[in-house]
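Visitor: Handing you a structure now.
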Amino acid sequence: MNSIRFREAVPEDSGRILEIQEIVFHGEQHIPSDLLDIPEEKKPRWFVAEEAGQVIGTCAAWKEGDDTHFGRFALDPDKRGHHIGTELLKYAYDRLFADGKEVLVMECRDVSVHVISRMGGEITGKPFDLFGDPVTPMILRKENYHK
């Protein structure tokens, strides 16, 4: 993982971020493309994993009312299985908690529930259907977060 770099996204990353989201969320999870965008009024903050100058993974945090929501976690399918996604989550969580966020609210697919639970995440409700697949409501509190 020496050649993988984690950083906050810059505007030039938006095309590749959208491409990864289309592949994962629309292509694999059947989420309509028009639901992938996070409106600017929600103040999205994007994070990326980059390899050889190419964005290979992404996630974001944004405002939902009084909460900080976390999601849009997607990794290039060819890069899965090497813990890149887990390291991207750690990078994003470290930045968000260092900047004063206390709680992150999310809905997670089964594979993410396992990873986020190991980091201190809590299941807050029963799984529900999201376009044919279950998602589980979770929170990650700064005080419970561990790498």
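The values are calculated or read from the model by the stated rules, or taken from the named source; none is laboratory data. This one's a predicted model, so the numbers in the text were calculated from it and none came from an experiment. In this analysis, Cβ positions are derived from the backbone assuming ideal geometry, glycine residues included, and neighbour counts consider all displayed protein chains.
Visitor: Based on this model, can you work out whether Ala52 counts as surrounded by 14 or more Cβ atoms within 10 Å (Cβ to Cβ), of a type in the set (A, V, I, L, M) and either at positive phi or in contact with a Ser or Thr (Cβ under 9 Å, 6 or more places away or on another chain) (or both)?
Guide: no
Visitor: Across the stretch 31-62, which residue is modelled with the lowest pLDDT among those that are charged (D, E, K, R) and more than 14 Å from the chain's Cα centre (by Cα)? Before the answer, list the steps.
Guide: Initial filter on the stretch 31-62 (charged (D, E, K, R)): 34, 37, 40-43, 45, 50-51.
Now restrict to residues that are more than 14 Å from the chain's Cα centre (by Cα): 34, 40-43, 50-51.
Working: Asp34: 87, Glu40: 92, Glu41: 95, Lys42: 96, Lys43: 95, Glu50: 97, Glu51: 95.
Selected residue: Asp34.
Visitor: If the Cβ limit is 9 Å and pairs must be 6+ apart or interchain, which residue in the stretch 117-128 that is more than 12 Å from Leu104 (Cα to Cα) and at pLDDT 95 or above pairs with which residue that is basic (Lys, Arg) and surrounded by 11 or more Cβ atoms within 10 Å (Cβ to Cβ)?
Guide: Met119/Lys90; Met119/Lys147
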